[in-house]
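**Student:** Pasting a structure below so you can have a look.
The values are calculated or read from the model by the stated rules, or taken from the named source; none is laboratory data. Not measured: the values here are computed from a predicted model. Glycine also receives a Cβ, built like all others from the backbone with ideal geometry; neighbour counts cover every protein chain displayed. When the accessible area is computed, the model is the full protein with side chains, heavy atoms only, and any ligands, DNA or RNA have been set aside. Shrake-Rupley method; radii C 1.70, N 1.55, O 1.52, S 1.80 Å.
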Amino acid sequence: MSSFTFEGHRLAYTEFGGGPAAVTPAGGRGRTARSAPGASRPLILVHGLLLSQRMHWPLAEDLAAHGNRVITLDLLGHGESDRPRDMGLYSMQIFAQQVIALMDHLQIEQAAVMGTSLGANTALEIAAAYPERLRGMVIEMPVLDNALLWSALAFTPLLVALTFGERWMQLLARGARAVPRGALPHYGNVMLDLVRQEPGPGGAVLQGLFFGRVAPHRTDRRTFEVPALVLGHRRDPVHPFSDAGMLAEELRNGRLAEANSIVELRVKPERLTNLIANFLDEIWAGRAAKPRTKRAAKGTRGGRSSRS
């Protein structure tokens, strides 16, 4: 895993080569070879709240197999990046600055950005402050106006546990770290990593976000020209489908795709991965700014390289 320095703090990232897709035994498209060379179509994947870049590694491999140069990033306070306990270092605007700093570090002038939940709102902040650096956005499960009450109800108990119950959470983290990574599937480890990490910095992240703005105001969002694919799903009050639909309507070049569930992109990713890959093909070919499709048809359902 590679790293760079942002305002005195180390941020970790991983690159996935955008070379030819590996061919599966059945003759279909597989994941990219780990040694595949990078392409000229950079895509940055940004994780969810208190998760890490590892949540996006299978998707990164799949999208790299479609010819994209994919970079996953651990934002400050997450994953393998530094985790200071200063709540003043955490906000959506600062997270957006970190993505731009990664692009500057890699000498990338313009990239597509895909974010999930916290990462989705980070992408919207980039569109607000640095639109010239964005080729397009994939916004998965944004947290906007209709999610605020449920988000407060969901994350306030976690904030209390991480802050005032830190000693007990440290004991829980110690026990979770004793579970071998090889004993769990990939996404099992992604979720257990929530518990494995030291609780204090996680509490600082939540405090910083609670005292900052969640996303650009809707009047600002209506001015965004960046092509965007918005992914939403139903039956999740923290990421209500109404927020995804509202955002797709607000964005001048937005379109909406409905996932069948919160886990479709993780457990049965073929359909949504192909939607994302086709959208990336369009924005790099200059064809994404066209009449919007408010909801993409569901259609048929259906390796990693890093610097040392």
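**Student:** Considering only protein heavy atoms and a probe of 1.4 Å, how much of the accessible area of the chain is carbon and sulfur, as a whole percent? Don't skip to the answer; put the middle values down first.
**Tutor:** Details: 7500 of 13320 Å².
C and S fraction of accessible area: 56 percent.
**Student:** Over segment 62-161, calculate the relative contact order: mean separation of alpha carbon pairs under 8 Å at least 6 apart, over the residue count, as a percent.
**Tutor:** Computed over segment 62-161, the figure is 20 percent.
**Student:** Provide the FRET efficiency to the nearest 0.05 for the E7-Q93 pair, computing r from the beta carbons and using R0 = 22 Å.
**Tutor:** 0.95
**Student:** Name the shape class, rounded, prolate or oblate, that the alpha-carbon gyration tensor gives for the chain, where a ≥ b ≥ c are the square roots of its eigenvalues, rounded holds for a/c under 1.5, and otherwise prolate holds if a/b is larger than b/c and oblate otherwise.
**Tutor:** On the way: a/c = 1.44, a/b = 1.19, b/c = 1.21.
The shape class here is rounded.
**Student:** Further question on the same structure: Taking 0.36 nm per intervening residue step and subtracting the Cα-Cα distance, what contour gain separates R174 from T156 on full extension? Could you put the intermediate results ahead of the total?
**Tutor:** Working: separation 18, 0.36 × 18 = 6.48 nm, distance 2.30 nm.
Stretched fully, the R174-T156 segment lengthens by 4.2 nm.
**Student:** Amide H neighbours of S91 under 5 Å, counting only residues 5+ apart in sequence or on other chains, H built in-plane at 1.01 Å?
**Tutor:** Amide H neighbours of S91, under 5 Å, 5+ apart: none.
**Student:** Can I ask one more? Please compute the length gained on full extension between A285 and H105, using 0.36 nm multiplied by the number of residues separating them and subtracting their Cα-Cα distance.
**Tutor:** Details: separation 180, 0.36 × 180 = 64.80 nm, distance 2.52 nm.
Computed gain between A285 and H105 is 62.3 nm.
**Student:** Excluding ligands, DNA and RNA, what is the solvent-accessible area per residue of segment 66-165 at a probe of 1.4 Å, expressed in Å²?
**Tutor:** 35 Å²
**Student:** Quick one: accessible surface of W284, probe radius 1.4 Å, all protein chains present, in square angstrom to the nearest 10.
**Tutor:** Number for this one is 60 Å².
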